Amino acid sequence: MFQLYDIHGPLHAIPDPTAVTVGVFDGVHRGHQALIHQLSTLNAQLSPLVVTLTSHPSFVLGRRQSEYWLDDPEEHLRLLFNAGAKYVAVLPFTAEVAQLSACAMARLLFGQLNMRALLLGYDSRFGSKQNDDFDRLPLLASELGFSLHRGEPYQVEGSPISSSRIRETLERGAVDETSALLGRSFAVAGAVQHGRGVGHTLGFPTANIDLSATRKMLPKEGVYAVKLSTHVGMANLGAAPTFGIDQPTLEVHLLDFHGDLYGQTVNVEFLHRLRDIEHFSTPEALQQQLQKDLEQTRLWS
């Protein structure tokens, strides 16, 4: 049922007694990081193990129409290990798994993952609401011999951090806030591909990023100050109405860069939203606005 990993790759079994926490951990934000830190300090004799789900329960159960994440799969695993997990168990979340009660899931964790402590999130109910036996978990813990713990909410500006709160900042394009809640810059990765060459004719050559492979939710369309490796740049995320382009794209102009990025996979960090996408009457008018954007972008270098 579980796909097991340590930092070196896949595992066949978990050899150590473990302290376990379970969740989606979408984005592995600062609240998740605090919970995993608490997990790692529960008991020095237990190895911290994070069980993460392959799908959002709200999507599988039909309460959400689309499934966009705050991280990509490989990034997700890396972030969990960086937060302090010694092991990660990936649980394919299906309609059948959704029917497991809290006690049934706890028995699986105890039997298959060598669990000796279970840490629940501060607001976690754990298990199916239709087959609700959550209140029996303390009795089961005593019966099987594992300890039960509850995490503390991690607050920023008086409110707990949640993935839905982070999504709301992306919907507004407030990537500064997004990064503050994640504890790192919000970024998307993609391969640099050949574009239309319009930026080059305007004096602002761009790297055109293919976003087809990412599962991430994207920020609100607009013009952003971004960072690619050590280079700061400005990016157009969305359509290009001045040239009649309706298909959303990510085009990045790097300041003081003269290399060739074609074919490379790059990571674009979003620093700050500069403005909305606009329709300009002439390419010359767009060129003048791009020069203003360039001056604003330099403030982030």
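Of the listed peptides 36-44, 93-101, what is their order by residue-averaged count of other C-beta atoms within 10 Å, with the highest listed first? Before the final figure, lay out the partial values.
Working: 36-44: 17.0, 93-101: 14.4.
Final packing ranking: 36-44, 93-101.
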Item to complete: Tell me the label-point distance for the pair Lys129, Leu299, using the 7 Å Cα-to-Cβ offset, in nm and rounded to one decimal.
Response: 4.5 nm
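Under the definition of Cα pairs under 8 Å and six or more residues apart, what whole-number percent is the relative contact order of region 3-160? Walk me through the numbers before you get to the answer.
Details: 258 pairs, mean separation 44.7, N = 158.
Relative contact order for region 3-160 comes out at 28 percent.
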Worksheet entry | Global form of region 184-298, assessed from the alpha-carbon gyration tensor, a/c cut-off 1.5 | rounded
Worksheet item: DSSP loop GluC sites (Glu not before Pro) in region 251-301 with at most 16 other Cβ atoms within 10 Å of their Cβ, which ones?
Response: Glu278
Worksheet item: Going by the alpha-carbon gyration tensor, a ≥ b ≥ c the square roots of its eigenvalues, is region 3-160 rounded (a/c under 1.5) or, if a/c is not under 1.5, prolate (a/b greater than b/c) versus oblate?
Response: rounded
Practice prompt. Please identify the longest segment of the chain free of exposed trypsin sites (Lys or Arg not before Pro), where exposed means a DSSP state other than H, G, I, E or B and no more than 13 other Cβ atoms within 10 Å.
Written response: 216-301
Practice prompt. Could you name the lysines whose alpha carbon sits less than 29 Å from that of Lys129, not counting residues in the same chain fewer than 8 places away?
Written response: Lys216
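Give the shape of the chain as rounded, prolate or oblate, defined through the alpha-carbon gyration tensor: a ≥ b ≥ c are the square roots of its eigenvalues, a/c under 1.5 means rounded, and otherwise the shape is prolate if a/b is larger than b/c and oblate if not.
On the way: a/c = 2.59, a/b = 2.42, b/c = 1.07.
It is prolate, given that a/c is not under 1.5 and a/b is the larger ratio.
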Practice prompt. Identify all aspartates and glutamates with a Cα-Cα distance to Lys227 below 17 Å; exclude those on the same chain that are fewer than 8 residues away in sequence.
Written response: Asp176, Glu177, Asp210, Glu251, Asp256, Asp260, Glu269, Asp293, Glu295
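Report the FRET efficiency, 1/(1 + (r/R0)^6), for Leu139 and Ala44, where r is their Cβ-Cβ distance and R0 is 35 Å, rounded to 0.05. Could you put the intermediate results ahead of the total?
Values: r = 27 Å, r/R0 = 0.77.
It comes out at approximately 0.85.
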Worksheet, complete the sentence: For Asp276, placing the label point 7 angstrom along Cα-to-beta-carbon and taking region 210-239, residues whose amide nitrogen sits under 20 Å are 218-225, 235-239
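Rule-based calculations on the coordinates, nothing more; no lab input. Because the structure is predicted, anything quoted here is derived from the model rather than measured. As a convention, Cβ positions derive from the backbone with ideal geometry for all residues, glycine included, and neighbour counts pool all protein chains shown.
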